[in-house]
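One structure is given below, encoded as structure tokens.
Derivation of every value follows stated rules applied to the coordinates shown; laboratory data play no part. In this text, all values refer to a predicted model and were calculated from it rather than measured experimentally. Counting neighbours? That spans all protein chains shown, and the Cβs are built from the backbone with ideal geometry, glycine included.
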Amino acid sequence: MFFRENEKVCLFIDGANLYSASRNLGFDVDYRNLLAFFRKHCNVLRAYYYSAVLDTEEYSPLKPLTDWLAYNGFFLVTKNAREFTDQNGRRRIKGSMDIELAVDMMEIAPHIDHAVLFSGDADLRRLVESVQKQGVRVTVISSVKTNPPMVGDELRRQADQFLDLVDIAPEFTRRSGDNNTQNDIPNPVIPFTEE
């Protein structure tokens, strides 16, 4: 990994994408350890977490996690997801956070040296290229070791550095089903994925 101790870094976490990748790989993200890991290696200015939420439900399984993140050093960016019924009659929920993530990264780019993007969404390739033109190095964290790969090839090629979640997972993850009481970090079951 190439992180410089004094460089100014922002983390951009696509919550649905990271959740899908980590579940596919069989582990849960420990967000306290994730933030500590990056703070140990560089100067983290901000850690953004993006998630679409269902406002129509009385209780959202995502609420405990988003509350915990908001009180523990993460900048939470949410918007209401849209619920619909697909052609097979199944309940589906759609909520892309790409625009919110792109706007935040573009706005903060002049003030940082390095952006760390937790997403495999190939639609973000142009965003990565744009902030690179402003002198910002970009690391993409996702996985090619899932089936199918969770990262788009275009995004992986555009990044200055690609880190596979599998290779750095021991630093900030716990195995699915592990007892969570040590850190009291909620481990939600997210009811949808981004489309």
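Per-structure values
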read-out	value
Candidates Asp55, Asp98, filtered to the one that is in contact with a helix residue (DSSP H, G or I) (Cβ under 8 Å, 6 or more places away or on another chain) and among the charged types (D, E, K, R)	Asp98
Count of segment 36-47 residues which are within 12 Å of Val116 (Cα to Cα) and in a helix (DSSP H, G or I)	1
Members of segment 72-93 found to be touching an Asp or Glu at 6+ places or on another chain (Cβ under 6 Å) and farther than 20 Å from Leu127 by Cβ, listed by number	Asn80, Arg92, Ile93
Selection within segment 144-165 - under 13 Å from Leu18 (Cβ atoms) and hydrophobic (A, V, I, L, M, F, W, C)	Met150, Val151, Leu163, Leu165
Unique residue being of a type outside the set (A, V, I, L, M), touching a helix residue (DSSP H, G or I) at 6+ places or on another chain (Cβ under 8 Å) and over 20 Å from Val140 (Cβ atoms) when the list is Thr85, Thr78, Thr66	Thr78
Residues that are under 28 Å from Ile99 (Cβ atoms) and of a type in the set (A, V, I, L, M), drawn from segment 11-41	Leu11, Ile13, Ala16, Leu18, Ala21, Leu25, Val29, Leu34, Leu35
Scope segment 98-135; condition buried (at least 24 other Cβ atoms within 10 Å of the Cβ) and either among the aromatic types (Phe, Trp, Tyr) or touching a Pro at 6+ places or on another chain (Cβ under 9 Å) (or both); matching residues	Phe118, Gly120
Positions within segment 3-40 being small (Gly, Ala, Ser) and more than 14 Å from Ala169 (Cβ to Cβ), in sequence order	Gly15, Ala16, Ser20, Ala36
Top-ranked residue in segment 65-97 [being among the aromatic types (Phe, Trp, Tyr) and either farther than 30 Å from Ala36 by Cβ or touching a strand residue (DSSP E or B) at 6+ places or on another chain (Cβ under 7 Å) (or both); ranked as surrounded by the most Cβ atoms within 10 Å (Cβ to Cβ)]	Phe74
Candidates Phe27, Phe38, filtered to the one that is farther than 27 Å from Ala109 by Cβ, aromatic (Phe, Trp, Tyr) and surrounded by 17 or more Cβ atoms within 10 Å (Cβ to Cβ)	Phe27
